[in-house]
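This report concerns only the one structure given below.
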Amino acid sequence: MEAKVDWYLPKRTSYSRRSFNNVDWKFSHQISITSQTAAGKTTTVDMLKKELPQYEFLSVGQLMRGLLIDVSKKHGLKTIEEFAAFNLKHPEYGYDHWGDSIVHEITIHKNFLVGEGRLVHVFMPHAFHVLLECGLTMRMRRRFEDKVKKDPDIKEGDVMMSIFNRDEDDTERYKKLYRGCIWEPSDYDMVVSTEFFTPSEVVSRILFEHSRWRNTVVAKRKTFVRADCI
């Protein structure tokens with residue numbers, strides 16, 4: 001599966017939250033989950049799958065890992081961190097655009113959908129936008145606990161540097177690709193800490209706040225229809 005060059009992505013001058021102010025009620029069941037590396041997206045999404053069996057789930061990370069398998073030999077890449085660094089240095093291959101074009105194509109046709117990724121909020125403009133926050137030290141500890149099981153010799157400092165570099169690479173290359181795409185926390189509909197709340201508490205809060213947000217969106221739509229009919 002080689003990345004193509006004829007992407008279909010909406011051409012915008014800005015991908016800031018301000019440019020996505022008009023929420024479409026037809027997509028009010030969509031939820032976007034954004035976070036940095038090792039902040040708890042996977043755990044949160046796995047639990048949401050149990051709570052929302054009628055929903056489909058889209059992982060940008062899984063898309064990119066699948067692409068990495070296909071192009072790893074061509075570019076001598078082994079890890080997703082190496083892939084992120086490669087994409088920063090070689091945007092001409094368009095691998096980021098390839099993944100984003102797939103996300104865009106899926107999200108414009110489905111309502112009952114949860115998307116997770118570093119930039120998924122940009123390509124789900126009408127969704128309920130959730131930002132998961134977690135400090136670098138805690139993210140390092142979580143990732144270290146996972147990696148040390150496979151590699152007992154791995155160092156905490158190496159894991160922290162890997163996460164830090166991944167965050168920097170992601171932010172730098174996304175800013176170049178999509179102006180305004182790195183939103184401030186206040187731009188999201190909900191910000192929740194995975195450092196100070198348990199996964200169950202995080203999921204409960206997301207479900208509650210999404211329900212309340214959706215009721216507001218639908219109520220506004222009904223008000224508009226009634227006023228329009230008068």
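Please go through region 68-116 and pick out each residue that is in contact with a Ser or Thr (Cβ under 7 Å, 6 or more places away or on another chain) and surrounded by 15 or more Cβ atoms within 10 Å (Cβ to Cβ). First the steps, then the outcome.
Pass one, region 68-116, residues in contact with a Ser or Thr (Cβ under 7 Å, 6 or more places away or on another chain): 78, 81, 113, 115-116.
Answer for region 68-116, where residues must be in contact with a Ser or Thr (Cβ under 7 Å, 6 or more places away or on another chain) and surrounded by 15 or more Cβ atoms within 10 Å (Cβ to Cβ): GLU81, LEU113, GLY115, GLU116.
Does ILE154 fit the bill of being out of contact with any strand residue (DSSP E or B) (no Cβ under 7 Å at 6 or more places or on another chain), part of a loop (DSSP other than H, G, I, E, B) and either under 18 Å from GLY61 (Cα atoms) or modelled with pLDDT of 90 or more (or both)?
On the way: out of contact with any strand residue (DSSP E or B) (no Cβ under 7 Å at 6 or more places or on another chain): yes; part of a loop (DSSP other than H, G, I, E, B): yes; either under 18 Å from GLY61 (Cα atoms) or modelled with pLDDT of 90 or more (or both): yes.
Yes.
Across region 36-60, which residue is surrounded by the fewest Cβ atoms within 10 Å (Cβ to Cβ) among those that are at negative phi and in contact with a Lys or Arg (Cβ under 8 Å, 6 or more places away or on another chain)? Out of the qualifying residues, it is GLU56.
Here the condition is being polar (S, T, N, Q) and loosely packed, with under 13 Cβ neighbours inside 10 Å; of THR137, THR171, THR194, it holds for THR137 alone.
Determine whether region 108-115 contains at least one residue that is touching a helix residue (DSSP H, G or I) at 6+ places or on another chain (Cβ under 7 Å), modelled with pLDDT of 90 or more and under 27 Å from PHE144 (Cα atoms). Talk me through it step by step, then tell me what you get.
Applying the first criterion (touching a helix residue (DSSP H, G or I) at 6+ places or on another chain (Cβ under 7 Å)) to region 108-115 yields 111, 113-115.
With modelled with pLDDT of 90 or more added as a condition, the list becomes 111, 113-115.
Next cut, under 27 Å from PHE144 (Cα atoms) only: 115.
The answer is yes, given that some residue of region 108-115 is touching a helix residue (DSSP H, G or I) at 6+ places or on another chain (Cβ under 7 Å), modelled with pLDDT of 90 or more and under 27 Å from PHE144 (Cα atoms).
When ASP96 is tested against (1) part of a helix (DSSP H, G or I); (2) over 15 Å from the mean Cα position of the chain (by Cα), only condition (2) is not met. Residues in region 15-35 that are assigned to a helix (DSSP H, G or I) and crowded, with 19+ Cβ neighbours inside 10 Å were compared, and the one that is modelled with the highest pLDDT is PHE27. Scanning region 63-93 for residues that are in a loop (DSSP other than H, G, I, E, B) and under 30 Å from ILE206 (Cβ atoms) yields a count of 1.
With the condition kept exactly as written, say whether any residue in region 114-137 is part of a loop (DSSP other than H, G, I, E, B) and without any contact (Cβ under 8 Å) to a residue 24 or more places away in the chain.
Taking region 114-137 as the starting set, the residues that turn out to be part of a loop (DSSP other than H, G, I, E, B) are 117-119, 124-127, 134-135.
Now narrow it down to the ones that are without any contact (Cβ under 8 Å) to a residue 24 or more places away in the chain: none.
No, because not a single residue in region 114-137 is part of a loop (DSSP other than H, G, I, E, B) and without any contact (Cβ under 8 Å) to a residue 24 or more places away in the chain.
On the given criteria, is LYS220 part of a helix (DSSP H, G or I), modelled with pLDDT under 90, surrounded by fewer than 18 Cβ atoms within 10 Å (Cβ to Cβ) and under 20 Å from the mean Cα position of the chain (by Cα)? Step through it out loud before you land on a result.
On the way: part of a helix (DSSP H, G or I): yes; modelled with pLDDT under 90: yes; surrounded by fewer than 18 Cβ atoms within 10 Å (Cβ to Cβ): yes; under 20 Å from the mean Cα position of the chain (by Cα): no.
So LYS220 does not fit the description; no.
Of all residues in region 124-135, at least one satisfies being β-branched (Val, Ile, Thr), under 15 Å from the mean Cα position of the chain (by Cα) and over 17 Å from GLU172 (Cα atoms).
Of all residues in region 138-180, those satisfying the criterion of being in contact (Cβ under 8 Å) with a residue 40 or more places away in the chain and polar (S, T, N, Q) are SER162, ASN165. Has region 4-12 got any residue that is within 30 Å of SER200 (Cα to Cα) and either at pLDDT 90 or above or of a type in the set (Phe, Trp, Tyr) (or both)? For region 4-12, residues within 30 Å of SER200 (Cα to Cα) and either at pLDDT 90 or above or of a type in the set (Phe, Trp, Tyr) (or both): absent.
Only one residue in ARG179, ARG212 is farther than 14 Å from ILE33 by Cα, in a loop (DSSP other than H, G, I, E, B) and not polar (S, T, N, Q), so which one is that?
On the way: ARG212 fails: in a loop (DSSP other than H, G, I, E, B).
When all the criteria are applied, what remains is ARG179.
The values are calculated or read from the model by the stated rules, or taken from the named source; none is laboratory data. Only a predicted model underlies this, so the values are computations on that prediction, with no experimental measurement involved. Backbone-built Cβ (ideal geometry, glycine too); neighbour counts: all protein chains shown.
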